[in-house]
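See structure below.
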Amino acid sequence: MSSNLAEGVSAFTSNAFLVEGERTVLVDAGANFDIVSRIRERVDETDDLDAVILTHTHPDHVGNVDAVRDAFDAETWGFDPDQPAVDNVIEDESRVRIGDDDYVALHTPGHKNDHLCFYSGDASALFAGDLVFQNGGFGRTDLPEGDRDLLIESIDRLRSVVDDSLAAMHVGHGPSVTQRPYDHVEMAARAARLG
């Protein structure tokens, strides 16, 4: 079960998904709000948060990392170990346990060099970070490390892995997509090529 702990927050933040199960994981930590109390509302013991997994290290996704590390003694996982928010490396195409399911990590640069998406065929779920959004939105490429051509390649790579059986796409900003999410990935691929 996944819940967005940043829901209803008006401050500038990314979404932050708490996925409970065999391995309770926070996917992105968000920023500028008290995430620790929101985790404690759902997790009983302070050692019940097993890990923080980062889609990428833009400040709005990692601003709360230190607070989560301090409160739960949880290590972080991401693509680039040179980033201060990353304790452990997730390599491209490695398997990552999130909740009760295994996800494949896909290195998807273009929005930021260390961007990862996480896809589980068994769970029929995707954590897309800031690569793609609802209604064909896609990650900005006007920030440092942004590259439109690389972003398009990353979206195409994602399209080659997921298919129209995808049931849920959890994105870095805005609502999760649970109605035909693959169509939104397709729309993002087209929109990125146009603009």
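The values are calculated or read from the model by the stated rules, or taken from the named source; none is laboratory data. Treat the numbers as computed from the prediction; the structure is a model and nothing was measured. Here the Cβ positions follow ideal geometry from the backbone for every residue, glycine too, while neighbour counts run over all protein chains shown.
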Could you grab me the full set of residues in the stretch 45-75 that are surrounded by fewer than 24 Cβ atoms within 10 Å (Cβ to Cβ), assigned to a strand (DSSP E or B) and not small (Gly, Ala, Ser)?
75
Can you find, within the stretch 134-152, the residue that is farthest from residue 191 (Cα to Cα) among those that are among the charged types (D, E, K, R) and surrounded by 15 or more Cβ atoms within 10 Å (Cβ to Cβ)?
145
Consider the stretch 164-195. How many of its residues are among the acidic types (Asp, Glu) and modelled with pLDDT under 95?
1
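Residue by residue, here is whether (1) farther than 24 Å from residue 30 by Cβ; (2) among the hydrophobic types (A, V, I, L, M, F, W, C) holds:
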| residue | (1), (2) |
| --- | --- |
| 152 | yes, yes |
| 162 | yes, yes |
| 165 | yes, no |
| 170 | no, no |
| 178 | no, no |
| 181 | no, no |
| 187 | yes, yes |
| 190 | yes, no |
| 193 | yes, no |
Give the number of residues within the stretch 1-44 that are touching a residue at least 60 places away in the same chain (Cβ under 8 Å), surrounded by 20 or more Cβ atoms within 10 Å (Cβ to Cβ) and among the hydrophobic types (A, V, I, L, M, F, W, C).
4
Residue within the stretch 59-77 that is in contact with a Phe, Trp or Tyr (Cβ under 6 Å, 6 or more places away or on another chain) and either without any contact (Cβ under 8 Å) to a residue 40 or more places away in the chain or hydrophobic (A, V, I, L, M, F, W, C) (or both) present
no
Filtering the stretch 80-106 down to residues that are free of Cβ contacts under 8 Å to residues at least 12 places away in the same chain and either crowded, with 18+ Cβ neighbours inside 10 Å or in a strand (DSSP E or B) (or both) yields 95
Can you tell me which residues in the stretch 137-164 are within 17 Å of the chain's Cα centre (by Cα) and part of a helix (DSSP H, G or I)?
151, 154, 155, 157, 158, 159, 161
Yes or no: residue 102 farther than 23 Å from residue 6 by Cα, under 15 Å from the mean Cα position of the chain (by Cα) and of a type in the set (D, E, K, R)?
yes
Selected residue (only one of 67, 105 is under 21 Å from residue 132 (Cα atoms) and among the small types (Gly, Ala, Ser))
105
Are any of the residues in the stretch 17-32 of a type outside the set (A, V, I, L, M), farther than 27 Å from residue 122 by Cβ and in a loop (DSSP other than H, G, I, E, B)?
yes
Evaluate the stretch 171-179: report whether one residue or more is surrounded by fewer than 15 Cβ atoms within 10 Å (Cβ to Cβ), within 27 Å of residue 5 (Cβ to Cβ) and among the hydroxyl-bearing types (Ser, Thr, Tyr).
yes
Cβ-Cβ distance below 8 Å, separation of 6 or more or different chains: which pairs start in the stretch 155-173 with a residue that is more than 13 Å from residue 184 (Cβ to Cβ) and end on one that is assigned to a helix (DSSP H, G or I)?
156/189; 163/182; 165/182; 172/61
